[in-house]
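A short write-up of the structure that comes next.
The values are calculated or read from the model by the stated rules, or taken from the named source; none is laboratory data. Since the structure is predicted, the reported quantities are computational estimates derived from the model, not experimental observations. Please note: Cβ atoms are built from the backbone with ideal geometry, for glycine as well, and neighbour counts cover all protein chains shown. Keep in mind that these areas ignore ligands, DNA and RNA; they rest on the heavy atoms of the full protein, side chains included. Shrake-Rupley method; radii C 1.70, N 1.55, O 1.52, S 1.80 Å.
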Amino acid sequence: MMVEIQHLKKDYAGQAVLLNFSLALPGRGVTALCGPSGCGKTTLLRLIAGLERADGGSITGLAGKRISMVFQEDRLLPWCTAEQNIALAAPKADAALWLEKMGLAAARRKLPGELSGGMRRRVAIARALAYDGDLFLLDEPFKALDDATRASVIACAMRSMQGKPTLLVTHELVEAATMADTVLLLGGPPLQVLREVRLPLPQLGRDAGQIREYCRQLEQARGE
């Protein structure tokens with residue numbers, strides 16, 4: 001599955017957020033988008049997801065494809081339990097099992113208002129993984145998680161996505177160093193790719209030392 005973004009344009013109130021932006025997404029693996037707040041990362045994801053309409057350009061390769069998305073907000077239905085929120089999005093999935101994978105087995109019958117911010121975040125991630133789309137769009141998915149929980153959830157997500165094409169928006173270089181095959185360092189608005197950094201070692205083969213080294217490389221590239 002190859003997604004082609006060609007000459008994409010999007011304005012808000014006269015401000016060009018995307019201007020002739022082009023990008024080819026690989027058919028497998030994680031591409032991380034790292035850039036300052038407001039540069040256009042979330043707008044790009046929303047355009048790919050079909051939640052916004054571009055003012056020009058095209059996105060091809062999505063016909064008949066299912067998209068799993070984790071938004072910056074949890075977007076859980078407040079009147080549904082954690083288990084019901086997953087089951088509504090992915091009725092064929094074992095919602096209880098996905099909550100167990102997220103360490104939330106005991107919270108399956110709790111409403112979102114009864115959960116902490118980190119717990120709600122894990123429910124939102126579990127919902128996207130349970131839906132099992134052909135393309136994953138992850139917009140700062142691991143915020144509100146402590147380091148240990150984040151590492152566990154990232155490992156679960158990577159196993160579950162099984163190399164499917166993924167766009168990861170993150171401000172955390174450690175997340176990019178842990179998950180990504182390619183990291184795009186971005187600027188804007190309008191959105192632009194300043195540097196592309198390839199991380200060749202397979203994600204599931206990276207130990208703590210390799211992740212630290214990749215973080216160092218990304219910090220260096222970002223400072224150039």
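Details
- On the beta carbon distance between E224 and N20, with R0 = 22 Å, the FRET formula returns roughly 0.35.
- Residue-averaged 222 nm ellipticity for the chain, from DSSP H runs of 4+ at -39500 (n - 2.57), nearest 500: -10500 deg cm²/dmol
- Point-to-point label distance, R28-L194, nm (Cα→Cβ direction, 7 Å offset): 3.2
- 19 Å reach of a label modelled at R109, 7 Å along Cα-to-Cβ, counting backbone N of the stretch 62-93: 78-88
- One decimal place: the segment S37-K92 gains 16.2 nm when fully extended, by the rule 0.36 nm per residue minus the C-alpha distance.
- Summing Lys and Arg as +1 and Asp and Glu as -1 over all other residues whose Cβ lies under 10 Å from the Cβ of D132 gives a net charge of +2.
- Accessible surface ranking for W79, W98, 1.4 angstrom probe, highest first: W79, W98.
- Span from the the stretch 1-77 Cα centroid across to the the stretch 143-196 one, whole angstrom: 15
- Point-charge dipole on Cβ atoms (K/R +1, D/E -1) for the chain, about Cα centre, debye to 20: 380
- Toward the positive end of the charge dipole of the chain, with +1 on the Cβ of Lys and Arg and -1 on the Cβ of Asp and Glu, the farthest Cα among V169, C39, L104 is that of L104.
- Integer Hz, Karplus 6.51/-1.76/1.60 couplings in order for the stretch 23-39, x for Gly and Pro: 6, 10, 8, x, x, 9, x, 9, 10, 9, 10, 10, x, x, 4, x, 7
- Exposure rank, largest accessible area first [K92, K9; 1.4 Å]: K92, K9
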